[in-house]
1. For Thr31, all conditions in the list (1) of a type in the set (Val, Ile, Thr); (2) surrounded by 24 or more Cβ atoms within 10 Å (Cβ to Cβ); (3) in contact (Cβ under 8 Å) with a residue 60 or more places away in the chain; (4) part of a strand (DSSP E or B) hold save one; what is the number of the exception?
2. Any idea how many residues of segment 320-368 are of a type in the set (S, T, N, Q) and farther than 20 Å from Leu201 by Cβ?
3. Condition check: within 21 Å of Ala91 (Cα to Cα), touching a residue at least 60 places away in the same chain (Cβ under 8 Å) and in the same structural domain as Cys207 (by TED's automatic domain parsing). Does Tyr344 satisfy that?
4. Which residues, taken from segment 254-269, are assigned to a loop (DSSP other than H, G, I, E, B) and either over 13 Å from the mean Cα position of the chain (by Cα) or surrounded by fewer than 22 Cβ atoms within 10 Å (Cβ to Cβ) (or both)?
5. Would you confirm, using the coordinates I've provided, whether Leu272 is touching a residue at least 60 places away in the same chain (Cβ under 8 Å), assigned to a helix (DSSP H, G or I) and aliphatic (A, V, I, L, M)?
6. Take segment 62-79 and flag every residue that is part of a helix (DSSP H, G or I) and of a type in the set (Gly, Ala, Ser).
7. If you scan segment 323-349, which residues turn out to be of a type in the set (A, V, I, L, M, F, W, C) and within 19 Å of Lys284 (Cα to Cα)?
8. Please report, ordered by residue number, the helices (runs of 4 or more DSSP H) entirely within segment 297-379 with at least 3 residues that are farther than 26 Å from Asn160 by Cβ and either in contact with a Phe, Trp or Tyr (Cβ under 9 Å, 6 or more places away or on another chain) or of a type in the set (Asp, Glu) (or both).
Amino acid sequence: MTLIKSISGIRGTIGGAPGENLTPIDVVKFTTAYARLIAGRNPERRIRIVVGRDARLSGPMVADLVVGTLLAAGVDVIDAGLCTTPGTEMAVIVKQADGGIIITASHNPRQWNALKLLDAQGEFLSDAEGRQVLALAEESGYDYPPIDGIGRVIERTDFNDEHIRRVLALDAVDVEAVRARRFRVVVDAVNSVGGVVIPKLLRELGCDVVELNCAPTGEFAHNPEPLPENLTAISEAVVRERADLGIVVDPDVDRLAFVSEDGSMFVEEYTLVAVADYILSRTKGDTVSNLSSSRALRDVTERHGGNYHASAVGEVNVVRKMKEVGAVIGGEGNGGVIYPELHYGRDALVGTALFLTYLAEKKMTMTALRKTYPAYFASKNKIQLTPAIDVDKVLAEMKRRYAGERVTDIDGVKIDFAENWVHLRKSNTEPIIRVYTEAKTMAGAEELAQRFIAELRQICHL
């Protein structure tokens with residue numbers, strides 16, 4: 001498996017050869033490069049970095065390597081231990097650190113791990129900063145400081161309770177209203193850190209919690225990506241337990257999906273839609289999601305008199321656009337809710353609290369609430385190309401062909417038609433074009449996808 005080095009971090013499978021997988025040598029190499037980047041901005045003083053990890057099996061080993069490398073590079077460390085991605089991001093802000101490293105491969109299977117790199121605002125590094133880290137990692141000749149210059153672990157902290165406290169303190173979270181409803185909730189945390197924080201948050205909100213896969217063992221009970229095909233167990237449990245809803249999070253708790261009381265999927269795309277509906281009912285303003293997210297957010301935003309804005313794919317791009325337009329809520333269609341009143345990062349805890357507040361306020365079932373939103377269906381496909389094909393040239397041709405439609409090219413080519421849309425994106429790691437479509441029926445979405453796949457094949461002479 002090739003080690004994946006991108007602006008969002010360093011990701012790979014554990015074991016194997018250095019440079020091809022995430023080995024101890026690679027962890028030290030990229031952690032050192034990150035420490036050099038952050039230290040270079042603060043040459044007059046010793047820097048502080050927060051380190052947090054999810055519960056995957058390799059987490060303690062990788063964390064020891066990261067912390068030891070930071071100390072060797074002259075960095076002081078705030079060790080947050082077992083902590084969610086949004087919790088680690090918030091810890092950077094609250095502890096006034098200079099950055100943070102989150103040890104998690106998000107929704108990837110158990111053999112994967114990754115280093116996600118944060119700036120002093122607790123946000124992912126920019127494209128330029130990420131490229132600097134990659135460049136520094138390839139340089140030779142770096143001298144680590146002598147004994148009097150090594151760092152120290154200045155704090156070992158469990159930040160999870162503080163994260164929960166700050167979520168519950170938000171004006172938009174009506175704790176008493178949720179407690180009055182006494183929701184019965186089934187939680188599937190795929191045996192990672194979500195099993196520590198989500199049940200505790202729900203009990204603080206007065207919910208009756210049924211735990212499913214909540215022991216933070218790192219032995220994922222199923223494919224950890226919160227997609228319908230991986231959630232049959234919680235779907236059955238919600239019905240069996242006569243619960244009001246089910247809550248699903250990924251291993252690092254930045255993605256959030258709901259299951260309705262009848263066992264049906266609320267659909268991950270609609271997590272952000274519902275939370276935005278609630279926030280916009282309280283605060284007029286604009287919203288942001290990435291180009292591959294559902295049109296339903298645009299519809300709901302316009303219903304409330306706001307303006308919807310699209311960003312390139314990637315949390316860092318969504319955050320940048322949210323700040324640019326002053327959005328009151330935003331995120332990604334993969335269940336990632338970003339609420340600026342707390343922090344600029346996808347956060348399943350704040351998403352859960354806001355959603356339950358709205359559900360309590362509306363006095364509706366999950367299925368009834370879902371019916372209040374426009375129904376869209378998404379299809380995700382890809383077309384394999386040969387290495388000799390110039391993907392950028394192919395996408396430019398598609399843009400030319402559909403110049404009469406509403407075309408956005410900030411990230412691949414997205415073509416918005418009146419009733420549906422298609423988004424064509426190239427992969428950064430393999431010769432493929434991803435073909436995402438959305439329509440008012442699944443058949444319509446799949447038909448649109450096949451139409452564009454056929455057209456791409458024709459252009460590429462495949």
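The values are calculated or read from the model by the stated rules, or taken from the named source; none is laboratory data. Given the structure is predicted, the values throughout are model-derived calculations rather than measurements. Cβ: placed from backbone, ideal geometry, glycine included. Neighbour counts: every protein chain shown.
1. If we test Thr31 against (1) of a type in the set (Val, Ile, Thr); (2) surrounded by 24 or more Cβ atoms within 10 Å (Cβ to Cβ); (3) in contact (Cβ under 8 Å) with a residue 60 or more places away in the chain; (4) part of a strand (DSSP E or B), just (4) comes out false.
2. Residues of segment 320-368 of a type in the set (S, T, N, Q): 334, 352, 357, 365, 367.
From the residues that got through so far, the ones that are farther than 20 Å from Leu201 by Cβ too are 334, 365, 367.
Of the residues in that region, 3 qualify.
3. On the way: within 21 Å of Ala91 (Cα to Cα): yes; touching a residue at least 60 places away in the same chain (Cβ under 8 Å): yes; in the same structural domain as Cys207 (by TED's automatic domain parsing): yes.
So Tyr344 passes the test.
4. Taking segment 254-269 as the starting set, the residues that turn out to be assigned to a loop (DSSP other than H, G, I, E, B) are 254-255, 260-264, 266-268.
Across segment 254-269, the qualifying residues are Ser260, Glu261, Asp262, Gly263, Ser264, Phe266, Val267.
5. Values: touching a residue at least 60 places away in the same chain (Cβ under 8 Å): yes; assigned to a helix (DSSP H, G or I): yes; aliphatic (A, V, I, L, M): yes.
Yes, satisfied.
6. Narrowing segment 62-79 to residues part of a helix (DSSP H, G or I): 62-72.
The answer is Ala63, Gly68, Ala72.
7. Filtering segment 323-349 for residues of a type in the set (A, V, I, L, M, F, W, C) gives 325, 327-329, 337-338, 342, 348-349.
Passing the criteria: Val325, Ala327, Val328, Ile329, Val337, Ile338, Leu342.
8. Numbers: elements: 315-325, 348-362, 366-370.
The qualifying helices (runs of 4 or more DSSP H) are 366-370.
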